[in-house]
Structure formats: C-alpha cells, structure tokens
Number of protein chains: 2
Amino acid sequence: MAKRVSIKDIANKVGVSTALVSYVLNGLEKEKRIGPEVVKKIHEAVKELNYQPNQIARSLRKGSTSTIGLIVADISNPFFGQLARVVENEAAQFGYAVVFGSSDENAANSAILIKTLVNRQVDGLILAPPEGSAEQIKYLMNQGIPFVLVDRYLPDISTNRVVLDNYNATYSAVKCFVANGYRRITLVAYKSTLVHMRERIRGYQEGMKDNGLSDFIVVKEVRYNQIKEDMEAIMTGLLNERGMDAVLFATNALSISGLYAIRKSEVKVPEELAVIGFDGHEVFDFFQPPLSYIQQPLEEMGKESVRVLIDQIRGSQKTVHIEMRHQLITRKSCG
Amino acid sequence: MAKRVSIKDIANKVGVSTALVSYVLNGLEKEKRIGPEVVKKIHEAVKELNYQPNQIARSLRKGSTSTIGLIVADISNPFFGQLARVVENEAAQFGYAVVFGSSDENAANSAILIKTLVNRQVDGLILAPPEGSAEQIKYLMNQGIPFVLVDRYLPDISTNRVVLDNYNATYSAVKCFVANGYRRITLVAYKSTLVHMRERIRGYQEGMKDNGLSDFIVVKEVRYNQIKEDMEAIMTGLLNERGMDAVLFATNALSISGLYAIRKSEVKVPEELAVIGFDGHEVFDFFQPPLSYIQQPLEEMGKESVRVLIDQIRGSQKTVHIEMRHQLITRKSCG
DNA sequence: AAGTTAGAATTAAACGTTTAAGCAGTGCTT
DNA sequence: AAGCACTGCTTAAACGTTTAATTCTAACTT
C-alpha cells in the first residue's frame, strides 16, 4: 500500500505549518485570517498530491466518526434490506456512513455486534433488538450512546423508537377478512415476547372479539430458527382440519414460508382460504391470486430513524416514540 | 456521552505504565515477561472498569482498521442482500466489520463511495463495479488498496474477481428451452457494456446458433433506471406479436419486472410462453407455475470474495480470477 | 570485583488530525 | 514613544493506542 499523502506533506510542500493546511481544508480561511496566496497554494498542493483526508485520525481527534451502526435481524431479509437501503441514503445525506450487522434474532449475537460497533466508536446505533436484549439496551443508555430502536422496542424501557402501529395493522386485517365474509381466521405469528409481535397478536385477538368471533381465535406460534419445520407442521394441521377459512401471517418471512405450505396443499386461494401477509414485497403480487398484505412505510421509517438518531447525536435530550401507520394493500386474496 | 475508560485509567488504577496494560491486553505477557501479579491486577481492573478498547485509536496506530467496504448496486435487491449477509458472516469470522454502500449502477455514486470508504481507511473493498468505473478501479490498483470485484469485472484490467460462468449460464438455459421444444427464444437483458451482461448475451447468442436458431435471435435491452417503462414497452411488444414462445431474463430484477408484464397479459406459462429467470430467489417458486431460474452460488461467491480479499490484505501478490458454476433450477415453466 | 544476563518495568515516539494559545510584525492612535 | 489592534502565521498538545528503546535491579558468571 503506497504511503498515503498526509497534511504534513502538503504543509512541507507549501512551506507552512500543518495547522494552516487543516484550517484551509476545513474552510476556516476567513475566520483564521489566512493569506490568500497561501490558501491558493494549499489548494494547489492538495490537488497536485491528490490528498485524501484520513478519517480515522480525524475521528480520533474529534471524538466522533460520522458513522452509524445498523443492527437488524437479517440483512438478507427484504424487509431489512430495504430498510438498510433507506438508512444508507438518508445517513449519507448527513455525511454518515453505515456499518451493519445481522443478529439473527439472537441476543448473544446482538451483544457482540453492539460491542464491536461501539468499540469502533460509531456515533450512534439504529437497532431492531432481539428478545432478551434489555441489558444491552440499558448499557447503551448508561453509556449515553445515542440509539434508536426500530421495528420493535422494549416496553419496560423508554427509548427512542420508530415502529409500526402493529395493533391496528392486524386489527384492520381481521376487519377486512370479516367484511369479506370470512370468520374462521387464524393468525400465524412468531413465538416471541417482543412487543411488536405481542401487539400484532393482540390486534388480531381484539379484532376477533370486536367482531364477535372470540370462539374462532386461533394463534399459532412459529420458532424463528425452526420456521420451516414449525410452519410445515402447523399448516398441514390447519389445512387438514379444514377448520379455517382465512389466515393472517405476522411477518414477511412467515408469509413466504406459509405460502409454500399452502401451495403444496391443493387449497384454493381465495375460494377456500383467504390470506393476508405482512411487510409485503412486490413479489407478493406473483402469488396466484395476488396476496393482500399489510405494508409498512419503510421509506418513512428508515428516514425517520436516521433523523431521530442524528438529533440524538447532536445532543437532543428528548425521547421520541414514533408510531407509523400501516397500509392494508388488498388484492384478490381478500376483498 | 460518559467519558470512556481508556488504557490510561487502567494503568493509573493498577499503578503501572500504559505499555504494560497494552501488552497484557494483547496477550504478550509471556513475551514481554510481565510479573504475574501485575497481569492479574490488570485483568481485574479491566473487568472492574469495564474497559472497552478504542478501535479508532488502535486503527490509527496500526494503520489498519479491520474493516472492509462492500459496494454493490443496491443492497435492497435480494441478490446483493444475500451476498451482503454472507460477506458479513465470513468477514466476522476473520474479525472484520463491513461498511456498505449502494452505487445504483452509477459510476459517480461509486466514485463517491470508494472515496468515502478509502478515507475511512478500510483495509480492502469488495465491489460490483458499475459501467464506467474503470478509472476508479485503476486508482485502487495504483494506491495498492486491496480489492476484489464481484459479479462483474472489467475485461481490460486484470484484477481479483469472483464471478459467475455467465456465458455457460445463458447457454445452458437456451439448451434447456430447446430440449423442451421451444424455438423462438428471446433474451431480455440490461443495456450495459459490462462484461457479465455481454457474456450472458453472448451465451444466449451462441446457444441459439449452436442449436440452429440463428434466425430467432432476439435480444432486448432495458435501461437500469428505466426498467419499468422499458420492460413494459418491450414486453407488450413481444407479447402482442406472439412471435416468441420462450423468454430468458438476464437478472433478478429483470425477471421480476418481466413477470409483472407477463401476468398483466393473459399469456399462459408455460403452455404459450416458457420462462427462465436469473438469480432465483425462493419467491420465484410462487409464480404459477413455478419459474425456472439460473441460480448463482451466492454462499460460495460471498465467502470466496472475502477470503480472496483477506489474502490480498495479508499481502498476497497473486491475482485470482474465480469463475463459479451456475445451477439451472428447472421448474414447470421450462422442462 | 567486574561483567554479563534475565526479569520487570518505564519512557516516549508515533499514527494524522484538530485547535487553543502564542508570537511577530505592521500600522494606527493617543 | 508607548500602547493597541490587526493580520498572518507557528507551536504544541491532545485524541487512545502500540511498540521500539531504555532503564533499573538482582542474580549469576568468571
């Protein structure tokens, strides 16, 4: 690796001190009353030597890295991939770069990632906390490290967060089913104590109750790391019994996994079974007939997370709780 | 932000110099002949104060950051999302973190990203170079910055690279079509001079020729940033003419976009039109009937990229060109 | 007794920036 | 002639590590 050009090389070439070079590079030539010829010479030398600032040195001195960390469950999951993209763009607007990590919904992984990123002195974190990560979140608070929770949050700790109106989302999905004549509606969710999941479940349950369907409430829970097996078992059970006429999936991955099972059976959608998915991706449109889904305002969620985080980084003392409105996209599978 | 604990705090607490603390933290207690009681005391103090090393300071001093940069076209594209995930995991194995950026197939964006990441002193880069990025790549070479190209490469410059056997991929897709009785096979590709695309086109063309179908060669090219409009126009044209009985898409995004158009028309797949996609995602299975696709060995590509890059970072002088074998996954849409 | 060796620690420079503080020199005021 | 204000620059410390060089003491050789 060819030795990089430093501020010192510029200073030597022009015959001034490094301080002047630094001032000029930071646009302080007026404020620091630097002679115009010197300014010009410095700019020339910078061009000529193709000087590139060393962000690491800068970070060390300034105590901030202009980097934010993003910890999601899985970057290869389109939901988080899209979120990452929005975060990347928005962060770039503010001059921040993004380091990411996937926790796989595992608290131990999350702890390692947080430690790694904090040691790398990220200025702040955007994270989707997995189950059992309360200690880590408290640690961040104690250390005064700015962060924003996204997608889920911890009910016992008041932190900055940007989440969906999960309760309303499933509530309105149930309503949609009911409006279209479905009654025996099943919810397939993740087995999790995380609030977003509990809220989705609660929204479903209340929706059923409010529509006089308490007797038909069925909530099936799938384990995150055994999604295939669990889904297989649950769906074949459900489909064989023929006791349900509609199914609501509580996440993106669950929707896709569930659809596999449905397709394997010969059940007709929506004649025999109505389906609503979550975090719809455009590919949901390919299911025959196209799938209805609850859509999250990813663009806004991502942008808002970054903005809130940067506010925190800049010293804001407020704690903000943002709840975004879902949108129910109805296709032929329901409605 | 509560002032962080530094090596100096440990040194003060124990009553030794910072050098000793550093040695102990780096496991050099034997080599540097440090007294056993001191070692113990240092370890205790580290625990007690919950010391976390400052990677930035470390990086500055050591001249390496244990960070790699990943520049893809779009992290929200499942192909790159999955690749990113593999890269993340593999990099973590070697103690590297990953900073990412999306170029949107735009050379100017790519240039900015490269500059940003290089200024942040990443130890190396994995990148999918967009069209017109030759200068940037040469710059990296001149600077001696380790990097690996992935997915595509520049034919005029010999660099480390990990790519698919693009030529064979489309060639064998054509073969599959032909074996199943299709003749009027159209290729829909990106309008691009990038080698991977040219190779995919060439594979198709040669495949057609070798099967005596020279007269039926039709290659349509779609612009990356106008994919919807172009695809719309092309597909309606193709479908109206009814001059084709099979279509091959040259990327993931093209496949999805093309399928939209196909579904809008009332054309039956595979009776009236056979389809093969690229970079198949599991969701391709949902198309009715399931779509055949060319599958890239993403897991291996990602891992290999990281390994090659780390080899370079460690000083390897070899330049490696790795071509991975595709796999043709045939579903009912062809075969 | 002088010299060597080994063990255990310290010192201080270095990485590339930023930035507070200081210092000349000039010209102006009184 | 002394004081002041301005202009334009330099000095040097600091950020938190790593690490080569050095120092000190005690024990061991001859």
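The values are calculated or read from the model by the stated rules, or taken from the named source; none is laboratory data. It should be emphasised that the depicted structure is a prediction, and the values quoted were computed from it without experimental measurement. Note that each Cβ is placed from the backbone with ideal geometry, even for glycine, and that neighbours are counted across all protein chains shown.
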- Message: Considering only residues that are within 14 Å of another protein chain (Cβ to nearest Cβ) and over 22 Å from the mean Cα position of the chain (by Cα), which ones fall in the stretch B:239-266?
- Response: B:258, B:259, B:260, B:261, B:262, B:263, B:264, B:266
- Item | Verdict on residue B:66 being within 14 Å of DNA strand C (Cβ to nearest atom) and either basic (Lys, Arg) or under 26 Å from residue B:112 (Cα atoms) (or both) | no
- Task: Residues being closer than 16 Å to residue B:290 by Cβ, surrounded by fewer than 16 Cβ atoms within 10 Å (Cβ to Cβ) and of a type in the set (Lys, Arg): count how many of those fall in the stretch A:252-271.
- Result: 1
- Message: Suppose the filter is at negative phi, near DNA strand C (Cβ under 10 Å from one of its atoms), β-branched (Val, Ile, Thr) and touching a Ser or Thr at 6+ places or on another chain (Cβ under 9 Å); does residue B:56 pass it?
- Response: yes
- Query: Any residue at all in the stretch A:93-111 that is within 16 Å of DNA strand D (Cβ to nearest atom) and within 20 Å of residue B:99 (Cα to Cα)?
  - Reply: no
- Message: Looking only at residues that are in contact with a Leu (Cβ under 9 Å, 6 or more places away or on another chain) and more than 8 Å from DNA strand D (Cβ to nearest atom) in the stretch B:12-28, which one is farthest from the other protein chains (Cβ to nearest Cβ)?
- Response: B:14
- If residue A:9 passes every condition in (1) away from DNA strand D (no atom under 14 Å from the Cβ); (2) closer than 23 Å to residue A:93 by Cβ; (3) more than 14 Å from chain B (Cβ to nearest Cβ) but one, which one does it miss? (2)
- Message: For the structure I just gave you, tell me whether residue A:63 is among the small types (Gly, Ala, Ser) and within 30 Å of residue A:253 (Cα to Cα).
- Response: no
- For the stretch B:4-21, how many residues are surrounded by fewer than 18 Cβ atoms within 10 Å (Cβ to Cβ) and within 9 Å of DNA strand C (Cβ to nearest atom)? 4
- Could you look through the stretch B:59-112, keep only residues that are among the hydroxyl-bearing types (Ser, Thr, Tyr), within 8 Å of chain A (Cβ to nearest Cβ) and within 16 Å of the chain's Cα centre (by Cα), and pick out the one that is farthest from residue B:257 (Cα to Cα)? B:102
- When you scan the stretch A:206-228, how many residues do you find that are within 26 Å of the chain's Cα centre (by Cα) and assigned to a helix (DSSP H, G or I)? 5
- residue B:275: part of a loop (DSSP other than H, G, I, E, B), at pLDDT 85 or above and not assigned by TED's automatic domain parsing to the domain that holds residue B:78, yes or no? no
- the stretch A:248-272, subset farther than 19 Å from residue A:225 by Cα and not in a loop (DSSP other than H, G, I, E, B), residue modelled with the highest pLDDT: A:248
- Message: Criterion first (of a type outside the set (Phe, Trp, Tyr), touching a Pro at 6+ places or on another chain (Cβ under 7 Å) and in a loop (DSSP other than H, G, I, E, B)) does residue A:131 satisfy it?
- Response: no
- Filter result (crowded, with 19+ Cβ neighbours inside 10 Å and either assigned to a loop (DSSP other than H, G, I, E, B) or not polar (S, T, N, Q) (or both)) within the stretch A:299-316: A:301, A:302, A:304, A:306, A:308, A:309, A:310, A:313
- Determine whether the stretch B:88-97 contains at least one residue that is within 30 Å of residue B:226 (Cβ to Cβ) and in the same structural domain as residue B:312 (by TED's automatic domain parsing). no
- Task: Please find, within the stretch B:27-53, the residue that is surrounded by the most Cβ atoms within 10 Å (Cβ to Cβ) out of those that are under 30 Å from residue B:91 (Cα atoms) and either within 11 Å of DNA strand C (Cβ to nearest atom) or free of Cβ contacts under 8 Å to residues at least 24 places away in the same chain (or both).
- Result: B:29
- In the set B:319, B:236, which member is in a helix (DSSP H, G or I) and away from chain A (no Cβ under 14 Å)? B:236
- Item | Failed criterion for residue B:307 (all others in (1) touching a helix residue (DSSP H, G or I) at 6+ places or on another chain (Cβ under 8 Å); (2) on the phi < 0 side of the Ramachandran plot; (3) within 14 Å of chain A (Cβ to nearest Cβ) hold) | (3)
- residue B:331 being surrounded by fewer than 17 Cβ atoms within 10 Å (Cβ to Cβ) and within 21 Å of residue B:204 (Cα to Cα): no
- Task: Give A:223, A:198, A:202, A:152 a once-over and let me know the one that is crowded, with 21+ Cβ neighbours inside 10 Å, at pLDDT 95 or above and not aliphatic (A, V, I, L, M).
- Result: A:152
- How about the stretch A:33-47: which of its residues are touching a Leu at 6+ places or on another chain (Cβ under 8 Å) and not in a helix (DSSP H, G or I)? A:34
- Item | Which listed residue is in the same structural domain as residue B:76 (by TED's automatic domain parsing) and among the polar types (S, T, N, Q), from B:317, B:288 | B:317
- Query: Is one or more of the residues making up the stretch B:279-292 farther than 23 Å from residue A:265 by Cβ and among the β-branched types (Val, Ile, Thr)?
  - Reply: no
- Task: From A:242, A:198, A:263, grab the single residue that is closer than 30 Å to residue A:137 by Cα and without any contact (Cβ under 8 Å) to a residue 24 or more places away in the chain.
- Result: A:198
- Item | The lone exception for residue B:133 - which of (1) away from chain A (no Cβ under 14 Å); (2) farther than 30 Å from residue A:83 by Cβ; (3) small (Gly, Ala, Ser) it fails | (2)
